[in-house]
Every structure is written in structure tokens, then in C-alpha cells.
1. When the dipole is taken about the Cα centre of the range 213-306, and only Lys, Arg (+1) and Asp, Glu (-1) are charged at their Cβ, what size is it in debye, to the nearest 20?
2. Give the Debye-formula value of log10 I(q)/I(0) at each listed q (0.12, 0.16, 0.17 Å⁻¹), with one equal scatterer per alpha carbon of the range 283-334, two decimals each.
3. What angle do you read, to the nearest 10 degrees and between 0 and 90, between the alpha-carbon axis of helix 51-64 and the longest principal axis of the chain?
4. For the range 7-159, what log10 I(q)/I(0) values come out of the Debye formula at q = 0.12, 0.14 1/Å, with one point per alpha carbon and no solvent?
5. Using the beta-carbon distance between residue 53 and residue 292 and R0 = 22 Å, what value does 1/(1 + (r/R0)^6) give for FRET efficiency, to the nearest 0.05?
6. For the range 152-292, state what percent of all Cα-Cα pairs lands in each successive 5 Å bin, counting from 0 Å until the bin that includes the largest distance.
7. For residue 60 and residue 317, calculate 0.36 nm times their separation in residues minus their Cα-Cα distance, and state this gained length in nm to one decimal.
8. How big is the Cα convex hull of the chain in projection, averaged over all directions, in nm²?
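Please treat every number below as a calculation from the coordinates, not as lab data. From a predicted model like this one, the values you see are computed outputs, not experimental measurements. Note that we place each Cβ from the backbone using ideal geometry, even for glycine, and neighbour counts take in every protein chain shown.
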Amino acid sequence: MARLSTPLTDLLDLDVPIVQAPVGSATCPALAAAVADAGALGMLAVTWRDEAATREAVAETDRRTDGAFGVNVVVDPDAKTVPTETHVDICLEEGVDVFSFSFGDAAPFVERIHARGGVVIQTVGSAGAASAAVDAGVDVVVAQGWEAGGHVQSEVATLPLVPRVVDAVPDTPVVAAGGIADGRGIGAVLTLGAAGAWLGTRFLATTEARVHRLYRQRLLDAAETETVYATLFDEGWPETPHRVVENETVRAWQASGDGETDHPGAGDVVAETPDGTPVRRYEDSLAVPEMRGDVTELPLYAGQSVGGTQTVQPAGDLVTELADEALDALERPR
């Protein structure tokens, strides 16, 4: 596997400047550990886990790998029931030393994490937000472009956003996110000045990701033109923009002609969890393997890079492939 050295790899002791994005309920110890074992940064999303589940996920990941992994916490209180402070305390107790924060300000947690020798990452959607984060002591910023899947913090595309953020915080590693699915994309953002690349959609198509087989198949089949940016799936996290692959729920909403206010079939139960809990059509609920019902009517979170997501493979093999492709792209004569 190619080794690529950047300020991000130096800071986090990585072999390659690749981060597996914390793709909600699809993250799990098996995925984060496989990525970490391959020399990249594995991530666990803990926002929607309760205290016990968070502690268990972190401990299991730590048992599985000696590589680098971190946790992501959504700061927005509308997205969760467990306070951010609680998640931070639990993860510090479990020895986590890489924390990423999104949809809110990391500043209240910087001093506490730094006191334990940890690294603080914050996702931003503008150069101004990046500057404010670094002024607050954040160590790494993630510049998330509008092309990204899942919940989106920016209205600016990745290509114009990354150079602006790099210039705004020249002494801080910047990780580019949004629309990156292969090594050519990684090489491109490194050329723009980023110190790493953050990939989510591509890692959903790995054998370790906790996604329902029908969700994964829809990702493999989708073209880059088949994603929609909206605030449609708003039960559980209102008014937060997200990008999803088109499905019947999206098409019915588009055909209603009433913008964001009309939700055809609102209240319909389309799936259920293993314990029989109903899942409604417009819930912010990712389709995990144990769900039953019409899971493809739920939000199929994916970015515009979905068109380049065409095969399923082990996460470690994917990291190796991405690194080799990136090095080849960077070294190719022009």
C-alpha cells in the first residue's frame, strides 16, 4: 500500500490521509477497526447511542485495533437525547483521543480534551467558520462541501470551499469532505491544499458497514444525478439539510408540488426495528441490517459520489485501493 505523508498523518500517526466519515448508525466497531488497521482514521458515530452503547462501542473498537480511531458527536441538541458533555466524558473515560464535532461549536470541549492529550476536529461549511474554530483551539477542520451525503453543513461545493478554508487557516490541517469516492478525488483535494480526505458514501459499500442489503444495493445502482438535497426526512432532527438517493418517498414529495411543507404519507409506518418499534416514513432513521419492511422508503443517505460507488469490498482493501489510486493520480505526468 502507498504511504502518503501530510500534516494530518503526522498529527494522528496515520499511514494515509484518509478518514472514514462517521456515517451515523452505519458505523460500528468492525468498520472503524478495519479502517484503522489499514492505516487510515476509523470513526464511530456516537450521537444516537445511549451511554452504555457508546461505552461498549468504543471499548470493542479499542479491543479490535491498535490503529487510530475517533468518535463524532453532533452538538445540535435537536439531534439527540444524550448531552454532548456526557458523550465526551464517556469517551474520555474510555481512552478516546480523537474527537470530531459537527453541527455546532466544539469550543466548550476543547480545553477538556486537550487536557487529556486529545485532538479536536470540527466540521465547517465556510472559511469564516473555520477561522472561528481554529481561534477556539480546534486542531483540525473538516471542510464539508454541498455534495456530501447525509446531513450537510454547507451550501458551497467542495472544489471552491476547500481552497478558501485552507487559505483561512494555513497552519491547521484541513480535511476535505463531499463528493470524494476514489483516489483521484483524494489526489485532487490534496492538490487543493487539503491534508486529507473524508469519505462517507464510499465506505457504506463495505462489508463491515451496518447497512441493510437493500440500501446498499440502491447505492450501488444509483447514478450521480440521483441524489436530492432537502430537509425532507425531518422527524427526529428538524430543519436540517441532508442529501439522499431518490426513492418513492422523495418522488411523492417532489410530485406534491408544495415545497418542503407537504409530506405525502406522513405518519405511515414503513418499517420496524428488530424489537417491533415502528419506523415512520419521514424519520431520520438509517436502514440498518436488522430492520424489516419497506426500508428503501426511508432516507437513503448518500452524496453525489454515489455514482462512483459500484462495488462492495472489505474496508481495509478499500483503504489500500484508495491510497494507491491517490498516489498514482498525484504522480501521473501532466
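1. So the magnitude is around 340 debye.
2. One equal scatterer on each Cα of the range 283-334 leads to -0.48, -0.71, -0.76.
3. Tilt relative to the chain: about 50 degrees.
4. -0.45, -0.63
5. It comes to 0.55.
6. 2, 9, 15, 17, 17, 15, 11, 8, 5, 1, 0
7. Length gained between residue 60 and residue 317: 90.4 nm.
8. 15.7 nm²
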